[in-house]
1. Could you pull out the trypsin sites (Lys or Arg not before Pro) across the range B:78-147 that fall in loop regions by DSSP (anything but H, G, I, E, B) with no more than 16 other Cβ atoms inside 10 Å?
2. Fewest first, what order do B:Arg548, B:Arg312 take by the number of other Cβ atoms within 10 Å?
3. Rounded, prolate or oblate: which fits the range A:86-155 when a ≥ b ≥ c are the square roots of the eigenvalues of the alpha-carbon gyration tensor, with rounded for a/c under 1.5 and prolate only if a/b beats b/c?
4. Can you pull the Rg over Rh of the range B:483-629, Cα-only, Kirkwood?
5. Take every residue in peptide B:711-724, count the Cβ atoms of other chains within 10 Å of its Cβ, and give the average of those counts.
6. Rounded to the nearest Å, what's the spacing between the alpha carbon centres of the range B:605-679 and the range A:61-87? Just the number, please.
7. Are there any trypsin sites (Lys or Arg not before Pro) in the range A:86-131 that are in a DSSP loop and have at most 12 other Cβ atoms within 10 Å? List them by number.
8. For a quick check of your reading of the filter: which GluC sites (Glu not before Pro) in the range B:616-660 sit in a DSSP loop and have no more than 10 other Cβ atoms within 10 Å?
Amino acid sequence: MPTVSMTVNGREVSADVEGRTLLVEFLRDELGLTGTHVGCDTSQCGACVVHVDGRAVKSCTTLALQCEGADVTTIEGVATNGALHPMQEAFREHHGLQCGFCTPGMIMTAIDMVERHKGGTLDEATIREELEGNICRCTGYHNIVKAIQSAAEKMA
Amino acid sequence: MSETGIGKRLPRMEDHRFITGKGRYTDDINLPRQTYAAFVRSPHAHATINGIDTSQAEGAPGVVAVLTGEDVAADGIGGLICGWMIHSKDGSPMKAGPHPILAQGKVRYVGDHVAVVIAETKAEAQAAAELVEVDYDPLPAVAETAKASADGAPQIHDEAPDNTVFEWSLGDEAAVTEAFDKASHVTTLELVNNRLIPNAMEPRAAIGDYDSGSDSFTLYTTSQNPHVARLVLSAFVGIAPEHKLRVIAPDVGGGFGSKIFIYAEETVCVWAAKRVGRPVKWTGDRSEAFLADAHGRDHVTHAELATDGDGRITGMRVKTIANMGAYLSTFASSVPTYLYATLLSGQYDIPAIYCEVDAVYTNTAPVDAYRGAGRPEATYVVERLVETAARELNLSPAEFRRRNFITEFPHQTPVIMAYDAGDYGASLDKALELVDYDGFEQRRQESERNGKLRGLGFSNYIEACGIAPSQAVGSLGAGVGLWESAEVRVNPTGNVEVLTGSHSHGQGHETTFAQLVSDRLGIPADQVSVVHGDTDKVQFGMGTYGSRSGAVGMSAIFKALDKVEAKARKVAAHVMEASESDIEFKDGQFSVKGTDKKMAFGEVALAAYVAHKFPTDEIEPGLKEGAFYDPKNFTFPAGCHICEVEIDADTGVTRIVNWVAVDDFGTIINPMIVEGQVHGGIAQGVGQALTEGCRYDAESGQLVTGSYMDYCMPRADDLPSFNLGFTETACPSNPLGMKGCGEAGAIAAPAAVINALTDALGVKDIPMPATSEVVWRIIQENKPRVAAE
């Protein structure tokens, strides 16, 4: 089996994996980082979104081997020194989650979205369009949109 | 008054683990030496099994065992049950075929469980499942609801001739016939309540574990009601005696009904764990969820409304065919009967109602409760009829409704339910104000100038929640009582553990239940932890569905708190050397009337455990109380939702431009959480109306909408922000005055959307889901008229 090495949440990791191992399987099964979820098998629900070299990526559709040498951040790595990221805070403050299953992917997508729109406009319509790749069945998105708007102001 | 008590918008206690990736869902749990299960599923909608050759699979890498229906039978394991008995009009009991956990000689829908492969890894189990050779003789299939009992339809279960499970009725047929004979106007609609696939974001999963040392089993599973799962697996399936089976439902990623039921997969995992002597884990993928989770709705209905010359409703007649799928799921039979026809009076004073329901088997996945369960179907019938009648009578939809509202309570409907409280005019008035009803005509003209069609649709829903009292549901055929249990354990240091039989899978019980305790005992909510979802910890529970956790589950906690307070008063009286009748308890302080003596709740808790200052032959040490609560009546949340749409006449694309919801849920514990429940419910209802529709190929019975590529889940840009309001009439049937809020949006929304679309398009009806293609075709068909208007 080939060996893959990458940085996950600031820690160097290395393991022998089958060629077909997906990034999400590597994170969940090999590293025990179960905050990243699998909600579908067609790359549409977005529960598995993580950051690879600063970009939001669906880890269910990425091979672990593709991430050789990459810098990966998962939901477990978003808070720094125990302080929640403004996006995490905003999701709690605005009740942007219910069952919590889509939440890690939503937060990772939302952080990426706000970073990409820094200096530009991130209005409600844009946020809703940007959430195309993340499905939530609980919230009707209303409070997710509010949370992202609120966090965007704090992250500006 | 507690800062974290009833009525406060307290951020959720459970959120920290979810936003930091520390939630613990079933698939996040791994046991030492665990194996992985993969199911061999039927590729045919209907077929006889001549034989199963497992030899190749058994020899595949990593395979531990391959088990089939023969092994199930050899171990004396029973089939799955339907826990609600329905009797047909002629008095005969419903005709249910067996529901084996692995097929016994026949398969009845695409996805039916035929065999299971257990292997060292998930990939090895899945690869070996492909090697199981099943010799099928395909049979003709029927997937369509309306054709299930047609001449020549294939027989699905020998026990149910013509694929008819029951032919049930409710109401006074003669009175309804008379009302229609005398009616000055009759409104008729042919309605299809489209089949839906629930799609909780966490796919179902299970881990079965067997401990030979104690001869006991543990099942980790994605359940809304772990105690009910244990009861069914013990008493009916015969996996293990109840005291030798522990069921744990840890964090569960949404349910919406689909995780109430006891399915084949978890049953197989727990049974197979003893067979192979190792834990057996199964995590469904989304494709399996589409195939084999219980689906929802799927009614074909003929509905009529009779009115007199004054625009008053005099009668309603409804005939429904309800698709049960290939097997009767756990509560399937109750959904199109007592959860449906009993709500056909809506918010209206209707003297005579008669409803017939034929339940049919088809070669499709089982159909059972999905958010709202029967009540969305009832509301759709009532509110589509009422809106259509108003238009036919040239009355405004608001005025026609107002003319027919029930205004005096209690109100006995002709379909069992006795409404206890409500003010339907108040919610309508508030909704009209929030939607700026008076300004609608101007907005409509403005849209028209831009080539758009604008419409407004009402839905004045009512639902019956709590699904209790036990005697009442027992008389209607339920196999269980529908009370709830709770235990309040006060620790010596004064903090509190609440053990509840309700189960939270998104509803925020860890917060709202703590708010109740905070309110009653005057301690901060963060001094309260809520324990649920483990049959070894919680005494018993009926679980969470039917918006019952507030009205029933919290009432049980309330009752246990009464007992805690009563005992704490006794303890406080002894410690402060006062008469018990002089003890007052307010804001977390026990005090002696007329003196400055006082003790904080925590001090009394400590005194109860130290037990130095009271006679323990009169008062037992400790401070822990349990309660079982059975409500007096169902609860009746109701409200008015108004949907305003704008349609692009060139493309048929519908945009919801305004959504107003004014709900009466009685007492609200946490407005933020309640609003969230309404938002999510509306989104699911809008999904049913505009985007979601399960399709089976009529000939082959293949599921056509088997992934998110084909089944359109509402995305963020399919929905607007919602404009919510509340009115409040306290529910007299439980001590907190709560009614329940979990299903309201899903119940109200479909009729509101379709009423808005038909208003915009000037047509009588439009089928769900009203996708842009459907809308565009209707615009094309009606073009001359639309243009002329």
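Here, each number is a calculation from the coordinates, and none is a lab measurement. This one's a predicted model, so the numbers in the text were calculated from it and none came from an experiment. Using ideal geometry, Cβ is built from the backbone for each residue, glycine included, and neighbour counts are taken over all protein chains shown.
1. Qualifying residues, ordered by number: B:Lys89.
2. By the 10 Å Cβ count, ascending: B:Arg312, B:Arg548.
3. In terms of gyration-tensor shape, prolate.
4. 1.01
5. Per residue, the number of nearby Cβ atoms from other chains is 5 on average.
6. Result: 36 Å between the Cα centres.
7. Working: sites: A:Arg92, A:Arg116, A:Lys118, A:Arg128; in loops: A:Lys118.
Counting only loop positions with at most 12 other Cβ atoms within 10 Å, the trypsin sites (Lys or Arg not before Pro) in the range A:86-131 are A:Lys118.
8. B:Glu618
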